[in-house]
Each structure stands twice: as structure tokens, then as C-alpha cells.
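Q: Can you read through this structure? Questions will come right after.
The values are calculated or read from the model by the stated rules, or taken from the named source; none is laboratory data. Predicted model, so just to flag it, every value in this text is computed and none were measured. Here the Cβ positions follow ideal geometry from the backbone for every residue, glycine too, while neighbour counts run over all protein chains shown. Ligands, DNA and RNA are excluded from the accessible area calculation, which covers all protein heavy atoms including side chains. Shrake-Rupley method; radii C 1.70, N 1.55, O 1.52, S 1.80 Å.
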Amino acid sequence: MSRNPHLLLEGILITCFCVGIHNAFIYIRGEYEFVARRLESALEEARSQGLLGKNILNSGFDLEVLVHRGAGAYICGEETALLESLEGKRGNPRLKPPFPASIGLFDCPTVINNVETLANIPGIVQHGAEWFVGLGRPRDGGTRLFGVSGKVRNPGLYEMPVGSSLRDLIFEQAGGMAEGKELKAVIPGGMSAPVLRADEIDLPLDGDSLTEAGSMLGSGGVIVIDRDTSMLEVLRIIVEFYAHESCGQCTPCRIGTSWIRKIVERISRGEGRPGDVDEIIRLASNIQGKTLCPLGDAAALPILAIARKFRVELEAPLKV
Ligand code: SF4
């Protein structure tokens, strides 16, 4: 969106033309003001070239695109919470069904896609579906953007074919571990993806392989954790985030995340008790699969993975 906004606009135009849509919205977090302004300028450029508005390129097809800045809630990335927010309401996820394809924005049938999907469309139309599939894996074609952060030499955004090696992404593309640092763990797909230990990273970056490894490709946000980083602190940050971002509609998510946060904070203060890690696992298991939207699982899964894979480290500061 910041470097090549017209690629996204072209994807939106093609999609809307195919589906017969005349109003499109780009929903973006409020904090990304720079990107929103860049999108606004791109929309102006497209309008001035007759690529938006009434009777686009004399085709008889009309399309308006609007950039809408949200108020910065993580939950508004969930499609129905996004729709609520776009309608001017609090961004609470809706019960599904009905799905947005039948009843969506202002009760109209609505297509919702993420930016990366829409930005792939011009390339697919130009070069064909086989070309796209051939870039990746048969069941998971194309390329993906991976945002590598953490203790690597060259953190940044890397576009790689789906199925590329996670080890290669970290040790070749991102330049390997930062000076004097040793790999301890990797979160492969954004904060909601269960963590992998250092000995689990020899896998291809595609949906099936990561699911088989007990994690997920998710947003492609690869967080590299070194041996000097405390997994208790990683857990504290994750729990704090989800407890804060829970919209509060379902009890397991609202109470469960806050309860786990209290336990993790207690351990961090050096006041943990025997059985605390088991209690964290029990609470997270009671969130998993029992909530209205995927945020519940997104919170429970990384908590469970850290508690199970790094139990010894979490239990080290507990009082006996
Ligand atoms: Fe809200 Fe959490 Fe329930 Fe999702 S799972 S609807 S974020 S309380």
C-alpha cells in the first residue's frame, strides 16, 4: 500500500468489475496515516486518468473507492468486526452465519479480501493462473510477504515463493542472527501463530507444512527470538496484548485472557506459585474453540505452545 498502491487499486478494480460491485472500501488502521494519505493520492491519480468514478474508460462500469481509517482496534481485522466498524459502530464481531457474502455491509452482500490477495490479482490476470500456482506449491500458489522482525541482522519485508524454507528466510534473506545471538525460537505467522523451537524450523513456508508442525502461516509476520530473550516475557507481551484487544463479548476470551495475564504478571514479579503453568494451560484450553470469533483461538494457541514447549523456563522462577 505504501510502495505500490496502484497494484492494490488495480486488483480492486478487476474484482469489482468481475463481481459487479460499484462501491469499495479500503479499511485501514487509524495509526497508518502515512499509508492512508498515499492511498488517497493514488485514488486521485486513478480518478484523473478516468480509472475510477462514472463510466470508467467508456465501459459503462462505475466504481467508487473510499479509504476508511479505523480507530486502531486489532479485532477490526476480523471481517465482521470490520463491517461493524465501517458502519460506524463498535467493532464487535458478528455471529456467523449469516456470512458477509450474503448479509454484509449495511445488510448488502459483501466481498471481503485482504490487501495481499487483491494485489495478486493483476499478475494472475496478466500471466495466468498456472504461472501463479507455479510460483509456489500446488495447493498453495504464488508468493507471500514475510515481515521478519526480532534478533536478525536484516529485519524487513521479504517476498518469497510459498514453500520457501523458513531457515533460508532467516539465515539467508534476513542475514542470519544478529551479532553474538543464538536462535531459541521462531513465531512464524504473527503473534497468534504457535511458537516453533529452534530445532523445528526446517520446514517449508506453506499452510499445510506449518499446520502439520502445529503452527500456522498466518499473517507472515516472522518473529525471531534469541537465547537471551525470556520466554516468560514473550508470553507476558502476548497475553497482555490479547487481554487488551479482547472485545469482551464472550466470557472465555474476556475473563480467560485477563486471568492468564494476572498469573503471568505474578510469575514475572517473582511471586509465581507451583501449578501456575498448569493453570495457564487449563485456562487457555477453555478459551480454545469456545468463542464467537477467531481471536479466542488466536490468544489461546500461542499461550498453549509457549506453556508446553518452554514449561521448564516458565517454572524456573516459581516459588516451591
Ligand atoms: Fe470478542 Fe474475544 Fe469473543 Fe472475539 S473471541 S468476540 S474478541 S470476546
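Q: Do you know the Lys pair count in the chain for C-alpha distances under 26 Å, with sequence separation 8 or more or different chains?
A: Final tally of qualifying lysine pairs is 14.
Q: Using helices alone, I'd like the mean residue ellipticity at 222 nm for the chain: each DSSP H run of four-plus residues gives -39500 (n - 2.57), total over residue count, nearest 500.
A: Details: 11 runs with 130 residues, N = 320.
Dividing the helical sum by the residues of the chain leaves -12500 deg cm²/dmol.
Q: Related question: Output the Cα-based Rg and Dmax of the chain in Å, rounding Rg to one decimal and Dmax to a whole number.
A: When restricted to the Cα atoms of the chain, Rg and Dmax are 21.7, 77 Å.
Q: A follow-up question, please. With the contact rule set at Cα under 8 Å and sequence spacing of 6 or more, what percent relative contact order holds for the chain?
A: On the way: 525 pairs, mean separation 38.3, N = 320.
RCO, the chain: 12 percent.
Q: Within the chain, which is the longest segment containing none of the GluC sites (Glu not before Pro) that sit in a DSSP loop and have at most 14 other Cβ atoms within 10 Å?
A: 88-178
Q: Which trypsin sites (Lys or Arg not before Pro) in the stretch 114-217 sit in a loop by DSSP (not H, G, I, E or B) and have at most 15 other Cβ atoms within 10 Å of their own Cβ?
A: Values: sites: Arg139, Arg144, Lys151, Arg153, Arg167, Lys181, Lys184, Arg197; in loops: Arg139, Lys151, Arg153, Lys181.
Taking the stretch 114-217 and a limit of 15 other Cβ atoms within 10 Å, the loop trypsin sites (Lys or Arg not before Pro) found are Arg139, Arg153.
Q: Given a 1.4 angstrom probe, what's the average accessible area per residue across the stretch 231-315, in square angstrom? Working shown, then result.
A: Values: 3710 Å² over 85 residues.
The answer is 44 Å² per residue.
Q: Could you pull the Cα extents of the stretch 231-315 along its three principal axes, largest to smallest, in whole Å?
A: 33, 20, 19
Q: Can you tell which of Pro274, Pro161, Pro93 shows the greatest fluctuation in a Gaussian network model of the chain with Cα springs below 10 Å?
A: Pro274
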